[in-house]
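The values are calculated or read from the model by the stated rules, or taken from the named source; none is laboratory data. This one's a predicted model, so the numbers in the text were calculated from it and none came from an experiment. Note: ideal-geometry Cβ built from the backbone for every residue, glycine included; neighbour counts use all protein chains shown.
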Amino acid sequence: MRNILILGGTTEATALAQALAQRGDTAVLSYAGRVETPRAQPVPVRTGGFGGVAGLTEYLRINNVTHLVDATHPFAATMSENAVVAAREAGVPLAALTRPAWQPVPGDNWRSVPDIPSAVQAVAGDSQRVFLALGRMHLAEFAAQPQHHYVLRLVDPPLGRLPLPQTTVIVSRGPFRVADDTYLMREHRIELVVCKNAGGDGASAKLAAARGLGIPVLMIDRPVLPPRREMHEVAEVLRWLDHSANLGV
Ligand code: NAP
């Protein structure tokens, strides 16, 4: 019998969990535990880190996991690297369900940087109103550029003081619509959008809104990950699961 572990925290992971539940497959969805109120899921959920490669390898073995699907966010690089190594060590086939990166289209005004530290450097200069669309994890790094007014969109209300001196916080959970993001950027007089190249539809509205308003975007490229089997569609993962059961890969 197949016993699938999905590393989640994304809409893709939820979509896969739904598809597997509908087919009657046995699957567990794993969350890091960063969001206080995760969405209800149609399969059992486990929460919290595994304890590095060793912990994940042990989890795969103890729970007789037959297939590992890494459906984490493209910027969850540590988890994805750990998944590659642990899957190899436990002899469990791994597939990554990931979104293709966004590509600029005519009308976009993007500047790409390789990582968060480069993004922090790139916003040196005069004070601006910046839509910092990075979630809450990298806010402290932008304290090195305190001259800006940062508009933050967070899934949960922040606990305690934010590490940035001038902020407006919007608590909201995607998917977002272009009309709403256009309104947000107008309302807050945004002059620059800073975001990660997450890919997918759920968070792309801000790019269309920025394009429509002629606002520049500082785009943080994805981290480079070790080679792995990558898929972009839930249906592809389902086919791989069916196929690999026969081939033992
Ligand atoms: P990360 O830096 O790659 O992971 C740090 C550690 O968190 C991992 O080593 C692992 O701990 C634990 N972890 C991460 N994902 C996990 C999962 N699905 N299940 C169990 N443990 C997990 O990841 P991150 O960037 O902090 O992202 C954390 C979660 O948020 C991921 O599930 C990701 O899909 C989601 N997310 C991330 C972003 C983003 O921009 N980074 C955006 C949206 C959603 P151990 O080493 O102890 O196993």
Qualifying positions in the stretch 83-104 - touching a helix residue (DSSP H, G or I) at 6+ places or on another chain (Cβ under 7 Å), more than 10 Å from VAL53 (Cα to Cα) and not hydrophobic (A, V, I, L, M, F, W, C): PRO93, ARG99
Any hit, the stretch 158-172, residues being assigned by TED's automatic domain parsing to the domain that holds LEU68, in contact with a Phe, Trp or Tyr (Cβ under 7 Å, 6 or more places away or on another chain) and in contact (Cβ under 8 Å) with a residue 24 or more places away in the chain: no
Out of VAL43, VAL113, VAL69, VAL105, sole residue that is within 14 Å of ASN3 (Cα to Cα) and touching a residue at least 60 places away in the same chain (Cβ under 8 Å): VAL69
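Tell me whether the stretch 57-65 contains one or more residues that are near the ligand (Cβ under 10 Å from one of its atoms) and not charged (D, E, K, R). Spell out how you get there, then give the answer.
From the stretch 57-65, those near the ligand (Cβ under 10 Å from one of its atoms) are 59; that's our starting set.
Checking the rest, the ones that are also not charged (D, E, K, R) come to 59.
Yes, the stretch 57-65 contains a residue that is near the ligand (Cβ under 10 Å from one of its atoms) and not charged (D, E, K, R).
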Evaluation of SER244 against (1) out of contact with any helix residue (DSSP H, G or I) (no Cβ under 6 Å at 6 or more places or on another chain); (2) under 20 Å from LEU5 (Cβ atoms); (3) exposed (fewer than 13 other Cβ atoms within 10 Å of the Cβ) (one fails), failing number: (3)
Residue tally, condition near the ligand (Cβ under 9 Å from one of its atoms) and on the phi > 0 side of the Ramachandran plot, over the stretch 1-45: 2
Restricting the stretch 70-123 to residues that are in contact with a strand residue (DSSP E or B) (Cβ under 8 Å, 6 or more places away or on another chain) and of a type in the set (Val, Ile, Thr), the residue that is nearest to the ligand (Cβ to nearest atom): THR72
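Looking only at the stretch 77-89, which residues are more than 17 Å from the chain's Cα centre (by Cα) and either buried (at least 18 other Cβ atoms within 10 Å of the Cβ) or under 18 Å from HIS232 (Cα atoms) (or both)? Spell out how you get there, then give the answer.
First, pick out the residues of the stretch 77-89 that are more than 17 Å from the chain's Cα centre (by Cα): 84-89.
Selection gives VAL84, ALA86, ALA87.
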